[in-house]
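Have a look at the structure below before the remarks.
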Amino acid sequence: MRPNRRAAQSRISLRAIAAIVALCAAVSTMLIVVRGDDGEAAASPAATGVPRHSSDHSAGPDARPGTDETGTQTATKGPQPATEVDRTFLVQVRQAGLWEIPAGRLAQTHASSEAVKRAGLHLIDGHSKLDQLVREDARILGVELPDQATPEQQGFVRQMENARGAEFDRIFANLLRASHGKIFATIGEVRAATQNDLIRRHARQANQTVLDHLEVLEDTGLVGSATLQEVEAAVTQK
């Protein structure tokens, strides 16, 4: 009878061990599932000190208008003001193109100097591009532009229309050099003071264009000292 009792006890012990093993396995499985649902059990917010974000913010702070890279709210940038000086500048650029483009065309038919004809081509090209830009900026800023040059500028064109050869060359070089010298100084003043990004861009482009025109006009060798003195007087009396 004793061997049978020992065998029974052995079977009971094996069953108990198996039950304990099964229970442990079940508990381990439950822990894995719970940790998997949380998704960050290994690096929880409490452990790392990093705040968790919901899926609504997955695009980051840049997805929210009026925030910087850290998510801090910032003031939304509104329309930039166009001052009276800014508006006058756009009008002047427009008017310059309205007579200097025709002057450049006249140089191709009335001039005797190849340097003058070359200067005329620079006027046509430069002011055509500026005119496109000034019309775009004026539309954005709500500035009304003229359709005609000033009476004085129209008079310049008539002078050139009535001249030919060497006379045209002299008139062309000096009238255009005086005009560009005066507006060149104005561009610097506008660029230095304006708060408007469009006007800053426009002034930069106008500065490059006018500087090019100054140089090709001076390359004609026809610009007289009286013209430069006129520009100096106009610039310094402002």
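The values are calculated or read from the model by the stated rules, or taken from the named source; none is laboratory data. Fair warning: this is a prediction, and the values are worked out from it, not measured in the lab. Every residue, glycine among them, receives a Cβ derived from its backbone with ideal geometry; neighbour counts consider all protein chains shown.
May I ask you to say which residue of G104, G181, G97, G120 is at pLDDT 95 or above, more than 18 Å from L222 (Cβ to Cβ) and surrounded by 20 or more Cβ atoms within 10 Å (Cβ to Cβ)?
Numbers: G104 fails: more than 18 Å from L222 (Cβ to Cβ); G181 fails: more than 18 Å from L222 (Cβ to Cβ); G120 fails: more than 18 Å from L222 (Cβ to Cβ).
Exactly one residue qualifies, and that residue is G97.
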List, please: which pairs have Cβ atoms under 8 Å, are six or more places apart or on different chains, and start with a residue in region 202-217 that is without any contact (Cβ under 8 Å) to a residue 60 or more places away in the chain and end with one that is surrounded by fewer than 16 Cβ atoms within 10 Å (Cβ to Cβ)? N207/G188
If we only count helices (runs of 4 or more DSSP H) wholly inside region 86-197, which ones have 1 or more residues that are closer than 24 Å to S225 by Cβ and of a type in the set (S, T, Y)? 165-193
Got at least one residue in region 200-212 being over 20 Å from Q95 (Cβ atoms) and of a type in the set (G, A, S)? no
Residues satisfying the stated conditions in region 156-174, i.e. surrounded by 13 or more Cβ atoms within 10 Å (Cβ to Cβ) and free of Cβ contacts under 8 Å to residues at least 24 places away in the same chain: Q159, E167, I171
